[in-house]
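J.: Here it is, the structure, as structure tokens.
The values are calculated or read from the model by the stated rules, or taken from the named source; none is laboratory data. The shown structure was predicted, so the numbers you read here are calculated from the model rather than taken from an experiment. Here the Cβ positions follow ideal geometry from the backbone for every residue, glycine too, while neighbour counts run over all protein chains shown.
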Amino acid sequence: MHIQTISKGTGRIEAFSDGVFAIAITLLVLDIHVPVVKDNESLFPALLKNWHTYLAFLIGFFTLLVCWINHHYMFELISKKNDVLLLLNGFKLLVVSFTPFATALLADYIGTAHQQMAISIYAANFFLMGTSMTCIWVYANNNELTASESSQILKAATKFFVFAFILSGSIFIVSFISIPVSLILFGIMFLIFVFPKDRVRRLSAKEKEYLKKEQPVLS
């Protein structure tokens, strides 16, 4: 049976990933165009006509920003790598690379008869982002690629990243039922995952508190 060779250090993974994230975020702005106005027209109304483009840009930007923050935190906890981890991270970067296209669909079709499909495609991309993040973490944690953090921190991180998979999947399903609700869930997910380290430490503290309460009963 083939055994995966484990090596220390994830610097090159992080550097390459940061580059892909940076390029994807840069590509988002290419869909924003300067409006053409005639001498007898006002610039401000022409700018307002492109509101859907600006909204899509903000959604795409914050999606990639929050995903990068979580990827960065995840690799604070992961200190070793093997070939499977590289492939899983590559899948994550594939989804990141697709995000500018999904965002462009939003910009072109939000507010039209095709907006439901555009939002569902974006939600599918969002779901794959959450899935890839969860796969990276669960694989790394189960194969001893993590740093020497406390067991409570690692357990809390697992709960946190598995929740990303569940919530992003729920957003994808809801996008076929109610666009406003799916957009609200997008916002809630951004708020939850924008500070991953803080969330994981809070979950870990609650785990410790629960174990302390259970200890007398067990004894």
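J.: Only one of (1) touching a helix residue (DSSP H, G or I) at 6+ places or on another chain (Cβ under 7 Å); (2) of a type in the set (S, T, N, Q); (3) at pLDDT 85 or above fails for GLN4. Which number is that?
T.: Exception for GLN4: condition (3).
J.: Right, here's the next one. Filter the range 8-29 down to residues that are exposed (fewer than 11 other Cβ atoms within 10 Å of the Cβ) and in contact (Cβ under 8 Å) with a residue 40 or more places away in the chain and give me whichever is nearest to VAL95 (Cα to Cα).
T.: It comes out as GLY9.
J.: Tell me whether the range 31-39 contains one or more residues that are in a helix (DSSP H, G or I) and either β-branched (Val, Ile, Thr) or in contact (Cβ under 8 Å) with a residue 24 or more places away in the chain (or both).
T.: yes
J.: Are any residues in the range 152-168 surrounded by 17 or more Cβ atoms within 10 Å (Cβ to Cβ) and more than 16 Å from ALA205 (Cβ to Cβ), and if so, which ones?
T.: PHE161, PHE163, ALA164, PHE165, LEU167, SER168
J.: Something else: Hey, among LYS49, LYS80, LYS92, which residue is surrounded by fewer than 20 Cβ atoms within 10 Å (Cβ to Cβ), among the charged types (D, E, K, R) and under 26 Å from ILE6 (Cβ atoms)?
T.: LYS80
J.: Continuing with the same structure: Collect the residues in the range 60-100 that are over 20 Å from PHE193 (Cβ atoms) and over 16 Å from the mean Cα position of the chain (by Cα), keeping them in residue-number order.
T.: SER79, LYS80, LYS81, ASN82, ASP83, VAL84, LEU85, LEU86, LEU87
J.: Tell me, please, whether a residue that is part of a helix (DSSP H, G or I), touching a Leu at 6+ places or on another chain (Cβ under 9 Å) and modelled with pLDDT of 95 or more can be found in the range 76-87.
T.: Yes, some residue in the range 76-87 is part of a helix (DSSP H, G or I), touching a Leu at 6+ places or on another chain (Cβ under 9 Å) and modelled with pLDDT of 95 or more.
Yes/no per residue for (1) modelled with pLDDT under 95; (2) exposed (fewer than 12 other Cβ atoms within 10 Å of the Cβ); (3) closer than 28 Å to LEU87 by Cβ; (4) of a type outside the set (Ser, Thr, Tyr):
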| site | (1), (2), (3), (4) |
| --- | --- |
| CYS135 | no, no, yes, yes |
| ASN141 | yes, no, yes, yes |
| SER150 | yes, yes, no, no |
| PRO180 | yes, yes, no, yes |
| LEU185 | yes, no, no, yes |
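Results for (1) under 22 Å from PHE57 (Cβ atoms); (2) under 14 Å from the mean Cα position of the chain (by Cα), shown as yes or no for each residue.
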| residue | (1), (2) |
| --- | --- |
| ALA104 | yes, no |
| THR112 | yes, no |
| SER120 | yes, no |
| THR131 | no, yes |
| ILE136 | no, yes |
| ASN141 | no, no |
| GLU144 | no, no |
| LEU154 | no, no |
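J.: Suppose we keep only residues that are small (Gly, Ala, Ser) and farther than 18 Å from ILE32 by Cα within the range 98-120. Which one would you say is surrounded by the fewest Cβ atoms within 10 Å (Cβ to Cβ)?
T.: Residue satisfying both the conditions and the ranking: ALA113.
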